[in-house]
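Only one structure is covered here, and it is reproduced in the block below.
The values are calculated or read from the model by the stated rules, or taken from the named source; none is laboratory data. Computed from a predicted model, the values in this text were never measured in an experiment. Note that we place each Cβ from the backbone using ideal geometry, even for glycine, and neighbour counts take in every protein chain shown. With ligands, DNA and RNA removed, areas are computed over all heavy atoms of the protein, side chains included. Shrake-Rupley method; radii C 1.70, N 1.55, O 1.52, S 1.80 Å.
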Amino acid sequence: MLRKKLTAIVLLCVIIIIGVYYFYAPISVAAFKLKGFDSVATSHFIILFKPESKDSIPAVVNAAEKAYDLVGKDFDFYPKNKLPIVVFPDGLSLQSAFNWPKDENTQGAYYRGVIYVQSPDGWIEETQDIKKVFFDKGPMVHEYTHFVVDIMTKGNCPRWFTEGVAQYEEKRVTGYTLEEDFEIDESFDYAYEDIMYSFDKLSNVPKAYLGALEMTEFLSGSGGIDELKRIMLYLKSGDSAEGIFLRKVAQIDTGGK
């Protein structure tokens, strides 16, 4: 009897864990609505926002739908379910939602099928073209690419790889790179072992991200996006990004033999 009870408890825990993982996005939508967020549905997204951000939502919709089309075309990936995007009024509220330190300066994040962004009017000047600036300089292409990589690899991708691919696609689509907003220390480079195995512990974050981009560009080679798609199929099948990278390095070192 005790064994049956323990088995039942274990099965219940597994069901709860699986349920939370697969239903995180719809649960999040409901939770934010309870917190006073309004919502608007587009062809491919559910946008959640505070009333004070209402005037900025057309820029968010524009960027999201363009990302869906452009990134979708590159990766041949067009999800049918609507992806939630949570718009926070300012950087502080976005930081608080993730318990980030106050000096953490980011415009967006992706987590378990939900994109989180800072409202465009929180950082774009009134004199600027808000739709153009938010698409060209904002986080949408980057964060949407994280979602694409997550789904296409079934979550089997390390941080350095998904950050590298997100920057690769962002650069390809909008032309943006971190050099535009950060002063890059050119006196050193992180070893690829540091990027692969200690990415989140590296003190110079822009340098770590650019290192991940450089590694992704090396992986893509002359095949570009098609090669990255092929790699993601390997990851989906259980291969590791580190193993794929090291094998390619070894192939170069031996002259391709």
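In whole Å, how far is the Cα centre of the range 104-180 from that of the range 208-242?
Centre-to-centre (Cα) distance: 18 Å.
At 7 Å along the Cα-to-beta-carbon direction for both Arg230 and Val205, put a label point, then send me their distance in nm to one decimal.
3.5 nm
Could you size up the charge dipole of the range 100-228 around its Cα centre, putting +1 on the beta carbon of Lys and Arg and -1 on that of Asp and Glu, and report it in debye to the nearest 20?
580 debye
From the Cα gyration tensor of the range 58-164, with a ≥ b ≥ c the square roots of its eigenvalues, which class applies: rounded if a/c is under 1.5, or else prolate if a/b is larger than b/c, or else oblate?
It is oblate, given that a/c is not under 1.5 and a/b is not larger than b/c.
Taking 41 Å as R0, compute the FRET efficiency from the Cβ-Cβ separation of Asp194 and Asp38 and round it to 0.05.
0.40
What's the carbon and sulfur percent of the chain's accessible surface, probe 1.4 angstrom, rounded to a whole number? Spell out each step's value before the answer.
Values: 7950 of 14430 Å².
On the chain, the fraction of accessible area on carbon and sulfur atoms equals 55 percent.
For semi-axes √(5λ) of the Cα gyration tensor in Å, one of [x] 28, 21, 19; [y] 30, 28, 18; [z] 73, 20, 15 was computed from the structure I shared and the rest are decoys. Which label?
[y]
Using a Förster radius of 30 Å, what is the FRET efficiency between Trp100 and Glu179 based on their Cβ-Cβ separation? Nearest 0.05, please.
Using R0 = 30 Å, I get an efficiency of 0.85.
Given the -39500 (n - 2.57) contribution per DSSP H run of 4+ residues, what per-residue ellipticity at 222 nm results for the chain, rounded to the nearest 500 deg cm²/dmol?
Numbers: 11 runs with 145 residues, N = 257.
Helices in the chain give a 222 nm mean residue ellipticity of -18000 deg cm²/dmol.
If a/c stays under 1.5 just call it rounded; otherwise compare a/b with b/c (prolate if a/b is bigger, oblate if not). Do that for the range 124-190, with a ≥ b ≥ c from the square roots of the Cα gyration tensor eigenvalues.
Cα axes put the range 124-190 in the oblate bin.
For the chain, what are the DSSP H helices with axial Cα length of 27 Å or more and mean Kyte-Doolittle hydropathy of at least 0.0?
Once both thresholds are applied, what remains is 2-22.
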